[in-house]
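Right, one structure below, let's go through it.
Quick note: the coordinates plus some simple rules give every number you see, no bench work behind them. Computed from a predicted model, the values in this text were never measured in an experiment. Cβ atoms come from the backbone with ideal geometry, glycine included; neighbour counts cover every protein chain shown.
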Amino acid sequence: MCRKTISVWMALILSAFLFAACNGGKDKDKKKAADEAARTPYKETGDEATVKGIVKFDGTPPASKRIDMSQDSNCAKAGGSSMTDDVQVADGKLANVFVYVKGGKIDGYSYPTPSSPVTLDQQGCRYHPRVMGIQVNQAFRVTNSDPTTHNVHPTPKVNREWNQSQTQGQAAIEEKFLRQETLVPVKCNQHPWMKAHVGVLAHPYFAVTAQDGSYTIKGVPPGTYTVVAWHETFGEQTMSVTVGAKESKTQDFTFKVGTAYAPSSLEIQPALVLP
């Protein structure tokens with residue numbers, strides 16, 4: 001009888017603890033949403049600045065490897081590349097680096113959600129683009145241009161995880177990310193080599209480096225900020241930058257093999273590759 005009473009009390013205490021923890025999390029989310037809603041909408045003044053630069057690569061980049069797509073003959077028929085593309089270096093310049101600005105006065109404002117969606121396409125059994133940026137609450141569209149079925153599976157840490165199949169010719173999947181998160185990994189459960197990464201920010205001050213390693217972030221309010229450059233293989237680098245009214249400031253980065261990896265919300269999943 002005594003043991004039964006103790007067990008009941010333990011269950012009640014555990015239930016109370018879980019209830020408090022759950023409500024505490026909800027209260028925290030509500031407070032954060034209220035704080036963000038109370039921010040002053042940013043209005044352009046004409047003094048906005050530009051941050052731009054080149055992301056370089058020092059040394060010999062790791063060689064691409066052949067991907068075994070034999071599990072789905074439709075992928076080979078789709079005509080995509082069969083080589084890994086996580087590292088793309090041309091003439092010493094690194095592509096697919098997500099560059100964004102944080103801190104300073106931009107964190108004190110709210111920004112309108114773009115009306116146009118950001119689209120992630122599946123073509124050649126690859127995600128295009130591999131790295132992309134989007135604002136909180138902006139429409140995120142996933143399309144399938146392949147003659148096969150994919151299984152789209154973002155695996156965020158602070159946003160809602162979802163997992164949805166998409167057949168050939170099926171209408172676009174539309175979702176939204178409700179919280180900032182850099183970066184959200186996206187994978188295909190059907191084809192383990194397919195990977196993409198989505199940077200979700202509350203503001204529009206971000207860019208992805210082109211094949212020549214260049215990036216440009218326009219419309220930045222004058223001030224001092226941290227510029228972050230993130231690459232899925234070589235990690236994250238940060239630099240401080242101060243921009244004056246209507247100034248264009250150049251901020252270059254250099255990555256190399258052996259660069260220390262700075263953990264983010266990304267969880268890297270191994271690809272199925274052959275030597």
Exercise. Which cross-chain or sequence-distant (5 or more) residues have an amide H under 5 Å from the amide H of SER214, H modelled 1.01 Å from N in plane?
Worked result: VAL55
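Round to the nearest 0.05 the FRET efficiency obtained for LYS246 and SER116 when R0 = 30 Å and r is the Cβ-Cβ distance. Don't jump to the answer; show the numbers that get you there.
On the way: r = 27 Å, r/R0 = 0.90.
FRET efficiency, LYS246 to SER116: 0.65.
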Seminar exercise, completed: Within the range 138-234, DSSP-loop GluC sites (Glu not before Pro) with at most 14 other C-beta atoms within 10 Å are GLU161
Exercise. In whole Å and largest first, what semi-axes does the C-alpha gyration tensor of the range 130-242 yield when each eigenvalue is scaled by 5 and square-rooted?
Worked result: 29, 15, 13
For this session: Rounded to the nearest 0.05, what FRET efficiency do ASN163 and GLN211 give with R0 = 25 Å and r taken as the Cβ-Cβ distance? Could you check?
Result: 0.20
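Pairs LYS77/LYS187; LYS52/LYS102; LYS218/LYS246; LYS43/LYS246; LYS56/LYS256; LYS52/LYS218: which are spaced more than 18 Å apart, C-alpha to C-alpha?
LYS77/LYS187
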Exercise. Amide H neighbours of VAL131 under 5 Å, counting only residues 5+ apart in sequence or on other chains, H built in-plane at 1.01 Å?
Worked result: HIS197
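Efficiency by 1/(1 + (r/R0)^6): what FRET value for THR50 and LYS176, r their Cβ-Cβ distance, R0 = 25 Å, to the nearest 0.05?
0.30
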